[in-house]
Structure formats: structure tokens, C-alpha cells
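For reference, the structure is listed below as C-alpha cells.
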Amino acid sequence: MIAFSASIFLSAFLLFIIQPLLAKTLLPLFGGSPAVWLSNLVFYQTALLIGYAYAYFVTKLSRLSWQATVHFTLLAFSLLLLPITPATELSLLTWWQPLTIFAVLGSTLLIPVIVLSATSPLLQYWYYHSYHSDFPYRYYALSNLGSLLGLFAFPLLLEPFLGLKIQLTTWSIGYTLFTTACALCAFITFKQHQVISKERTNNKTKVPRLNIFSWLLLTALSSALLLTTTQVMMQNVIGLPLLWVIPLALYLISFIIVFYQPRLYVSWAWISLFFLLTAGIIYLPTHHQLTLAIQVLAYTLLLFSGCMICHGELYRLKPDKQHLTFYYLMVALGGVLGGLFVNLVSPLIFNEWWDFYGALLLILLYAIFVPMRQDLNILSNRIVMPLSLLAFFGIATLLIVNIKEAHREFIFVHRNFLGKFEIVERYKNENRHLLILRNGNILHGQQYLEAQKRSLPTTYYSQKSGLGVAIDFLRYNIINTSQHLRIGAIGLGTGTIAALGHKGDFIRFYEIDPDIEKVANEYFYYLRDSAAKIEIDINDGRLALAKELHQGSQQYDLIVVDAFNGDAIPLHLLTKEALDIYLGHLKQNGILAFHISSRYVDLYPPLQALAAQMGLFSYLSYQPPSDDPWIAHSEWLLISRQSEIGLFLYNKNALSFRNVRMNDVWTDDFNYLLPIIRW
């Protein structure tokens, strides 16, 4: 029994660690584009589904000894792939990028991931037939506990202390321990096959099709609710890095509760709570100013109550244990379908968070017509059902009215694989008429539309900002020459940096999101009005610069790295290897300008430590809130091989000082967010 418990726990634990570990390893190779993250997601979901399908078909073998032999063979073969080493040479293939990522991940990890995914359903099936126990469904709770601990182990225990190479070696050792325990389970099963095979019967009861549909629907809804709640929270409430860990943890905890202590699922209580929270989430934020803590609490409770309903009903509908592996296969398929819909389909067909609202409404409908109908007596049903339906239609109506109200000031709303952004028009009939580009509560730029104000560099890029002073310094150095500035900028936004260009200057933007380029060109005037020559390269900034470096240095006077004001911090732009690429394109007296304004992360310590380790000078420039409405407070870190920029900043009263220091130097192999998060 210990071997079964250890194998199931370790399989889930290792599976949840390897996913972020491999994704982080591939980031410098492929960049941080949506295609990279989605390719990783699709790979793991596909491998998970293959693992569950493998477990289902293996249990179709008529003898347990044959099943044990097949799985033991696969376990032994998977050990030949250790230690796990990403096949980075395949990243040089000129295939379609998602296909290349699949090739790298598949050659590195496909067989181990299939083995890990198959473990829980397969070993539960063996345990049931070996010990004739009612316990196996509780092993699903144990599996989710392993996933939960793996979820926290990576950011809290591995990432802060070990480099990626050591983490991969440690993971390989853990996988070896897992295969040892799993092989013991196969041996136990192999020994007991003669007794079991005589007791097996062919007159299995069929699973009703309605139950199969319910399994798929419930797991798809809970998966969709998890993903969409996380996205909405991180964009509209707080873009705190690693916040996604909390919703995922609650999702796993709901599985643990209902499969280990099902009596804690009291349907009417959880459904009532879910009704109230859904109505509150739709109504309150648009009518009242809620504190950040209340908003986070409301969204997390909403997710947890919704998952308790879906997973509680899933447990209620569990089949006889002879159908155990088929049940888990459908559970996995439903989760994959929900995930693929949210991550791949929704960004293509929705401009609003309709997948989030749709998941809420569908869970409410299911709750009204299934568990409530079953749990209440006839008299109660005649009263509660109509009231519940009335409340449902009231919530749906409120949702539509609120979304229409919120869209009144939007002139453009768009959603893609990177998130949702809006263009807001304000003060239309006043002399301060402007357009604002924002992503949830994150400001990406704004521009006045009146001719006399249209060329003003606004928000974080004013003349008095750290970037503006850096450009003034560079112009001061070339004032007696015929030279012009060459600027490379990672991150486009509204293109405000173009307003700082003069005739003869050259500015090349590296932007990862093609939709942002369209918005900057079609709705804002910075790019088309700029006196400088403008080029836009749609690519990951680091990858594009690395590729250009093979052909020769761009000899930039200034490289601006402005990609850190969202919730997903692209750490591959902040490592020693990335800085080496930037310096390769920078003139000897050039400047690296990092825009580090953020409410949620403090990027000064790692960048300052990196500059010090590489023998570079770093200077912090902070622009406080201004009385001018077009200027936002900003923080820039300027890094250079020369120290003259420091004196220039001091003379301009633009030099700031901070006592914070960091000893660790970030590299592609070792970097972590936890210590720089502003809690």
C-alpha cells in the first residue's frame, strides 16, 4: 500500500514541477511570444491525455500480469532518457515554431510525462483489483495533494536556491525514485494476477451516456473557470506575478476535499454561495470602489465555490470501480477541452471575457437543474426552482447591462493570446481630448489629439523622465557633430518614444504583439508624426537582437527595454546573457535604459547587481507624480560603460539613490521573482 501511495504522490508532484521548469529552460531559445506559452500548454495537455488513454487501454488487457509487464517495460525504457536534458539543438530547426517546440519537448520529455500521467488511474485500478478495496478513489485526492505541493515547491524551494541544470538533475533523481516505487507496484500486481483473473467478470454494467457527458461538462467548466478567473484577476484586479498559484491551489484543494471527504460537499450551501458571489462580482465593481483585498477574496471564493460544485457533482457521478480508468480519461479530456477553449479559441472569437461569464452562467444553470433538483423535495422544488431561474435571468441581464455601460467610453476593445486591451476616449469636446491605451488597470500610453499637444511625449516618457534625460545627454555629446541617434526599443505600446526622435534619428521597435503595432499605427499619431525614421520588428526583442548580432552590431546609441509593466515579467530579458546581447549592439558610450516602473515588482536590485558584476555603471532616475496631467511618475535605470551620465543626471536633478542591494546575479540558468515582488 505504501508503494502505491508513494508512486501516485510522486507522479503528480514531479509532473507539476517539470512543466514550469522546462518552460523556463526554453524561454531564452524561443522567446516569450504567445506561441511559445501555448505550445507548452498544448504539449503537456496532449501528453496528459495520452497518459490517461494509455492507462485505459492497458487495463483492457485480460490479465493483470500482462498489464504489469507492459507498464514495467515502459518504466524501464523511460529511465534510458535520464538525466533530463532539453534537446536544444532541435531549436535550430527551421520548422513552424510550435512544431519545433513540440519536437524539443517531445524528444526530451514525452515518455516520462506519459508515464507520470498514467500512474494515478492505472495504479488505482491495480490497487482495487489487488486489495478489493473501496479506497482507490481517495488516491485521486492524494494525487492532487502531490500536484499542490509540486505547485509550491518550484517557486518556493527549487527556483530560489538551484540553477536550472541542477533542478533538472534533481528532478531526474526524483523520477528514478518514482520508477522504483512504481515498479514495486507492478511486481505486487503481477504476483496477484492469478487470483484476480479468476474473479474478473465480463458482465460489466455500461456507463450511461448522460453521465459521460456530465463528466466532460463538469471538468471542462471547472478548468475554464480556473483559467478565466486567473486571467480576469491578474488583468482587472492585481497583476502580481505568481498570483496564478493561488487559484490553481484552490482548484486542486477542491479536488482533494471532495474525493477524500465528500461529505464536506453540501450542494445547497455551495450553490447558494456561488449565486451570491456571481451576482456580487458582476454588480459591485462597476458601482462601488472595492478594496483590493475584498476583490481578491471575492474572486478566489467564487472560483473555489464553483470548483466545489463541479467536482462535488463529479464525485457523485463516479462509476463502479471497474470503469475507473475510463472515468479518469473523460475527466482529463474534459479538462483539456476547457483549457483549449479558453486558451486557443476564446481569444480568437471574443473581445470581452465572455468565456469567464459563460462558465459562471453554465455552472449556475447546471446547479439549478441537477443537484438542486435532486436534493430538494417536490414541494421545495416548486418554490426554489422558479426563484432560482428568476435569479439566474436577473444575473444574466445585469451582466449585459454592466458590460454595455463599461463599453461606453471604449472606442476599441481587443483580446488576443496576450490578454485584453482597450482604447479609451476621454474629454472629447474639451481641449484635453485624449486617447488612452490600457490593459486592465495597466496604462500603456496616452496621446492628446489636439494638433498643438499631439507631439507631447506623455506618461512615462516625458522630457523630464529618466529616458528623456538620457536622450538629452546623448544629444549633448553629439551637438557639434553631424551624427544622429540610433535607438532600439523593446516594447512599442502607443509608440510614445517616437515623439522623442529628431530628424535624421533612427528608431527600431521590437514588439512581440502584432496587434499592438496595428493599434499604434491606426489610433495613435506618434509613429506617423515622428521626425525620426521608424522601423518595427514583430518579434521577441532578445531573439531579434541576438539574430541581428550574428550579422553585425547595430551600433545603437540607446537601447530601451520597456517590457515589464505587465503581470508576466519576461525574465529572459533581464539576465547576464541578455545584457551581453544588448552590449554587443551598443556603442562604447551608449546607454541601456530599463523602464522599471511597477507596482508589483522591484527590478532595481537584480539589474543593479548585474551591472556591478559586469563592471558597468548604473544610475536610477525617478520622476515623482507631476501636476501636469499628461506625465505619469516613472522609474528608469540607466546602465552604461561610462560614468558621465551620472553627473548629467545629478545636474538635472534627475538622479535618485536607493540602499537596496542584491547579491545574486541573474543568468539564464538562475533567476527567480520571489524576492523582488512588492507584497
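Quick note: the coordinates plus some simple rules give every number you see, no bench work behind them. Predicted, not measured: the structure shown is a model, and the values here were computed from it. Note: ideal-geometry Cβ built from the backbone for every residue, glycine included; neighbour counts use all protein chains shown.
Observations on the model:
- For Leu317, Leu592, order by how many other beta-carbon atoms lie within 10 Å, fewest first: Leu317, Leu592
- Range of Cα positions in the stretch 460-676 per principal axis (Å), largest first: 44, 37, 36
- Altogether, the Stokes-Einstein calculation at 4 °C and 1.567 mPa s, with the Kirkwood radius of the stretch 310-371 over Cα pairs as Rh, returns a diffusion coefficient of 96 µm²/s.
- Using θ = phi - 60° and Karplus 6.51 cos²θ - 1.76 cosθ + 1.60, couplings along the stretch 446-460 (whole Hz; Gly, Pro as x): 8, 8, 6, 9, 5, 4, 6, 10, 5, 8, 5, x, 9, 6, 7
- Residues with amide H under 5 Å from that of His444, placed H, sequence gap 5 or more: Leu437, Arg438, Asn439
- By the Kirkwood approach, averaging reciprocal distances over each pair of separate Cα atoms, the stretch 377-489 gets a hydrodynamic radius of 19.1 Å.
- Pairs exceeding a 28 Å alpha-carbon distance, out of Lys420/Lys652; Lys547/Lys576; Lys24/Lys464; Lys420/Lys464; Lys420/Lys547; Lys165/Lys191: Lys420/Lys652; Lys24/Lys464; Lys420/Lys464; Lys420/Lys547; Lys165/Lys191.
- Cβ-based exposure ranking for Trp215, Trp66, in which fewest neighbours within 10 Å come first: Trp66, Trp215
- Restricting attention to the chain, close to 60% of DSSP beta bridges with both partner residues there are antiparallel.
- Angle in degrees between helix 245-260 and the longest Cα principal axis of the chain, rounded to the nearest 10: 10 degrees
- In the chain the longest region clear of GluC sites (Glu not before Pro) that are loop-assigned by DSSP and have at most 16 other C-beta atoms within 10 Å covers 1-351.
- The residues Ser462, Ser597, Ser107, Ser5, when put in order of fewest to most other Cβ atoms within 10 Å, stand as Ser107, Ser5, Ser597, Ser462.
- Taking amide H as placed 1.01 Å from N in the peptide plane, Phe412 has its amide H under 5 Å from the amide H of Ile423, each at least 5 places away in sequence or on another chain.
- Our coupling estimate for the stretch 638-655, obtained by passing each phi through the Karplus curve with A = 6.51, B = -1.76, C = 1.60 and θ = phi - 60°, is 9, 10, 8, 6, 10, 9, 4, 4, x, 5, 4, 4, 4, 5, 8, 6, 10, 9 Hz, Gly and Pro reported as x.
- Hz values of 3J(HN,Hα) by residue in the stretch 44-59 - Karplus curve (6.51, -1.76, 1.60), Gly and Pro given as x: 5, 5, 5, 5, 4, 5, 4, x, 5, 5, 4, 4, 5, 6, 5, 6
- Volume per residue of the C-alpha convex hull in the stretch 581-634, rounded to whole Å³: 117 Å³
- Relative contact order %, the chain, counting alpha carbon pairs below 8 Å whose residues are six or more apart: 13 percent
- In units of the compact-protein estimate 2.2 N^0.38 Å, the stretch 1-197 shows a Cα radius of gyration of 1.06.
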